[in-house]
């Protein structure tokens, strides 16, 4: 079957830039600004009640889906749970091609990218530790790219490739003829470094690399122990990136350094972990950065790509970049300079009582907007679902340390992490309406706990290659990622357990906030609007709607009035829609598509079904 011409070669736009046709969804996040916004409005406040299933595509696989597909020129491209790549007719769901790359994916794979130059159109997709370039008309690897159509991301890191572990869980970012990638690495030692790398899309050759664990002549080197870059790991971009194509700036959020919860071997602030980086997309040179957590001991990664938008201040338009955090905050910066657009306040926090650890003496958080997740668990926030559940929660709470953000873990007591390790904000990302600068973010609002325990004698180290820096053994490990759940398996805190929020970033004030998600069995008992854990992000449209799946337990797909938060439509999915939906138009008909595979709720079966909706 022939491949249709791909919009995007108009002379008015930079050559090889993604399609900006209003009818398509050609890039992860919808457009380079990554605002999850569509100007389509056939499906709107008045017509959404007529939304019906238009087609489904069942991959026939289990395992769950976190993928946001892309659509260009009537063709939808996506991934199966085992990370086979496919192309569908976007109007019918019929398969055009499907290609098995011969590697079973065991890591999340949240999307893919498209690049076009003349008649050469390629799909760029990460499967485990490889980046592939596929012919978009057939799905067959482009043999001239890398080695036989792929790049091994374990290479080009300055270390023995066979000892590295790098997985591409988010799609590459395409800038001109470059594919810019990060990767997921181990969160325990030994771990690979989190270098940001750009590869030539035609040849697969490395064009530039930014070292997030700086080397001896680089900025930030003195925020780590000497020669830490040779052995430390992490500070990686696993969540994806955002591009200002006009300025040629790529905005890169990074995660924590390894090991996530003990840093006695990495004393210092650890630049550029837990940072938002603004890099020259052509060269990889740093333009500015902001580090949100110094010497992270809590796994407080930036969990999603930032969003570009324009805000109004004192009658002036300011081009900005907004970044959400696991703690439930929104950081807003001038995208040219990195200047905060809301005040950021730095406070002192308690030291660590774990031998060898040196927690950062202060941390900094924005004073506005107010956090979209609760920050400190207290007795009055414990569950009252039943008297028995409340007493159980109270008894356990009295054994915890619960003092809010940035309390270092201890070896003697469980420490409350609130919001939990998964946020607050998470990898599904957020949406912004560019017409209003209203920011839509779904949030988890659960408490987790953690404690450290000693694993090896102090000072022990593993064997390491000749000439390499010593790789310290992890002296402490986390006893477990523990949700604070009552004996019946429900959160042991008071609702809401998940929320959907609308924040005006012109002012920093909330427009609305609602509980998000329900437990069907609790609804049957009269307990509604509890909110639930939710994974996957929102889509906002000019038609006045916010579409979102995400809710783990009720498996619903929802449409809300973007101005008020009123629920206007919802439907059941075959599995939870733990992914971010997309929308596009083909021959005058608008479609909304979501990947429904579940997989985050371990009590339920998982699958891999794409479901499309349109007005009947």
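Please state the shape class of segment 254-388: rounded when a/c is under 1.5, otherwise prolate if a/b exceeds b/c and oblate if not, all from the C-alpha gyration tensor.
Because a/c hits 1.5 or more and a/b fails to exceed b/c, segment 254-388 counts as oblate.
Fewest Cβ neighbours within 10 Å first, please rank 436, 116 accordingly.
436, 116
Mind sorting out which of (1) 65, 63, 53; (2) 91, 56, 44; (3) 104, 51, 50 is the real Cα extents along the principal axes in Å computed from the coordinates?
Checking each listed value against the structure points to (1).
Sort 269-276, 74-81, 508-515 for me by packing, meaning the mean count of neighbouring Cβ atoms within 10 Å per residue, highest on top.
Order by mean packing, descending: 269-276, 74-81, 508-515.
For the chain, what does -39500 (n - 2.57) per DSSP helix run (n ≥ 4), summed and divided by total residues, give at 222 nm, in deg cm²/dmol to the nearest 500?
When only DSSP H runs of four or more count, the value is -500 deg cm²/dmol.
I need the shape label for segment 154-233. Rule: rounded when a/c is under 1.5, else prolate if a/b > b/c, else oblate, with a, b, c from the alpha carbon gyration tensor.
prolate
Is segment 513-616 rounded, prolate or oblate when judged by the Cα gyration tensor, a ≥ b ≥ c being the square roots of its eigenvalues, rounded requiring a/c under 1.5 and prolate requiring a/b larger than b/c?
Oblate is the answer for segment 513-616, as a/c is 1.5 or above yet b/c matches or exceeds a/b.
Within 10 Å, count the other beta carbons around each residue, average over each peptide in 379-391, 206-218, 482-494, 176-188, and list them highest first.
So the order, starting with the most tightly packed, is 176-188, 482-494, 206-218, 379-391.
Specify the inter-centroid distance of segment 78-132 and segment 349-422, based on alpha-carbon positions, in whole Å.
When both Cα centres are located, 41 Å separates them.
Specify the inter-centroid distance of segment 479-505 and segment 137-177, based on alpha-carbon positions, in whole Å.
One Cα centre to the other: 37 Å.
So, by mean Cβ neighbours within 10 angstrom, what's the order for 569-578, 255-264, 305-314, 333-342 with the highest one leading?
255-264, 569-578, 305-314, 333-342
Bear in mind that the values in this text are calculations on the coordinates, not laboratory data. Note that the structure is predicted; figures quoted are calculated from it, not measured. Note that we place each Cβ from the backbone using ideal geometry, even for glycine, and neighbour counts take in every protein chain shown.
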